[in-house]
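Rule-based calculations on the coordinates, nothing more; no lab input. Keep in mind that this is a model prediction, so the values were computed, not measured. Cβ sites come from the backbone with ideal geometry, for glycine too, and all protein chains shown count toward neighbours.
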Amino acid sequence: MKIDIVSVFPEYFEVLNLSLLGKAQAKGLVTVQAHNLRDWTHDVHHSVDDTPVGGGAGMVMKPEVWSECLDDLLGLAPAIIAADAAVDDAVADDAAVDPSRPVLIFPNPSAPLFTQQDATELSHADHLLFGCGRYEGYDARIPQYYRAQGVDVREYSIGDYVLNGGEVAVSVMLEAITRLMPGFMGNPASIVEESYTGGNALLEHRQYTKPAEWRGLRVPDVLLSGDHGKVDRFRRDEALSKTSGLRPDLIEGLDCTQLDKADRKT
Ligand code: SAM
């Protein structure tokens, strides 16, 4: 997978050379390149923002700089959108990824929430290009224009709060996506049995390691019993009750035909 990131703080992404993502780059599974948006400016101040049209506080990222940068990275020629063209204003797209098409992703606090399902879908792409917003955000015509050019453009929020810029949000999405790529994790089973994962996605049961007793606290006896059926049942019951307490929305989304009799009791 090829990953391009555009930011006014490309140094922020040096940390991506660490840990599992660093190893995946060394193995050639993924390449990550961070670009400085200011490299596509032409003025002495390298400005990437301007005042909001219609008034208001702060600054907005200019479409001209972004388009020069994105045209270069996507290999597109500049175009003019016809005045009467229908412009798609969708903010996010959960359609299947076509691996042969690049996916352009903008983090945006007012877009739909980025989920494990989105991460799974995007892990099938060959080329992801992330654009980090700053200030009051980027000019709304940027995603519109690239959708009109046939690019798969997606906008996602990582949560109901506002960050200073898209860099943290991109790091979050990038990590969630790349760890799902085949060959990324040493043990592929560890990404199957996880919260939010699979057809009937629940929060994961609690995890314990040795020793069986630590500072007076014991691991539940059933986990030491060696009875795999009982262990599975215990974990499943815990996942169901934890999810119904903390995330009833996930329980409402369950496919009832996939529940067994014991699940229903929980
Ligand atoms: N004026 C915007 C608003 O109120 O929705 C906030 C802009 S924020 C200060 C600057 C940039 O940070 C955004 O363009 C986006 O790229 C990023 N950002 C901030 N919070 C985010 C979130 N929760 N999810 C994804 N991106 C976020």
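Overview of values
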| quantity | calculated |
| --- | --- |
| Members of segment 198-229 found to be of a type in the set (S, T, N, Q), within 19 Å of Gln116 (Cβ to Cβ) and either touching a Lys or Arg at 6+ places or on another chain (Cβ under 6 Å) or surrounded by fewer than 10 Cβ atoms within 10 Å (Cβ to Cβ) (or both), listed by number | Gln207 |
| Pair list, Cβ < 8 Å and 6+ apart or interchain, from segment 241-258 residues that are free of Cβ contacts under 8 Å to residues at least 60 places away in the same chain and within 13 Å of Gly199 (Cα to Cα) to residues that are assigned to a helix (DSSP H, G or I) and β-branched (Val, Ile, Thr) | Leu250/Thr243; Ile251/Thr243 |
| Close pairs (7 angstrom Cβ cut-off, 6 or more residues apart or separate chains): closer than 18 Å to Asp49 by Cα and in a loop (DSSP other than H, G, I, E, B) in segment 125-136, hydroxyl-bearing (Ser, Thr, Tyr) and within 15 Å of the ligand (Cβ to nearest atom) anywhere | Cys132/Ser7 |
| Test: residue in segment 62-69 that is of a type in the set (Val, Ile, Thr), on the phi < 0 side of the Ramachandran plot and surrounded by fewer than 11 Cβ atoms within 10 Å (Cβ to Cβ) | no |
| Meets criteria (at positive phi, in a loop (DSSP other than H, G, I, E, B) and not hydroxyl-bearing (Ser, Thr, Tyr)) for Gly58 | yes |
| Sole residue being within 16 Å of the ligand (Cβ to nearest atom) and surrounded by 12 or more Cβ atoms within 10 Å (Cβ to Cβ), chosen from Ala34, Ala24, Ala90 | Ala34 |
| Verdict on Thr178 being surrounded by 21 or more Cβ atoms within 10 Å (Cβ to Cβ), more than 11 Å from the ligand (Cβ to nearest atom), in contact (Cβ under 8 Å) with a residue 24 or more places away in the chain and farther than 23 Å from Ala79 by Cβ | yes |
| Members of segment 122-147 found to be more than 10 Å from the chain's Cα centre (by Cα) and over 17 Å from Gly166 (Cβ atoms), listed by number | His124, Ala125, Asp126, His127, Arg141, Gln144, Tyr145, Arg147 |
| Qualifying residue in segment 184-195 (condition: within 16 Å of the ligand (Cβ to nearest atom), buried (at least 19 other Cβ atoms within 10 Å of the Cβ) and over 27 Å from Pro248 (Cβ atoms)) | no |
| In segment 111-128, the residues that are within 14 Å of the ligand (Cβ to nearest atom), buried (at least 17 other Cβ atoms within 10 Å of the Cβ) and not small (Gly, Ala, Ser) | Phe114, Asp118 |
| Single residue of segment 137-173 satisfying the filter (assigned to a strand (DSSP E or B) and more than 8 Å from the ligand (Cβ to nearest atom)) that is farthest from Met59 (Cα to Cα) | Asp152 |
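For (1) outside any strand (DSSP E or B); (2) within 25 Å of Leu37 (Cα to Cα); (3) away from the ligand (no atom under 16 Å from the Cβ), each residue gets a yes or a no:
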residue	(1), (2), (3)
Leu70	yes, yes, no
Ile80	yes, yes, yes
Ala86	yes, no, yes
Val97	yes, no, yes
Phe106	no, yes, no
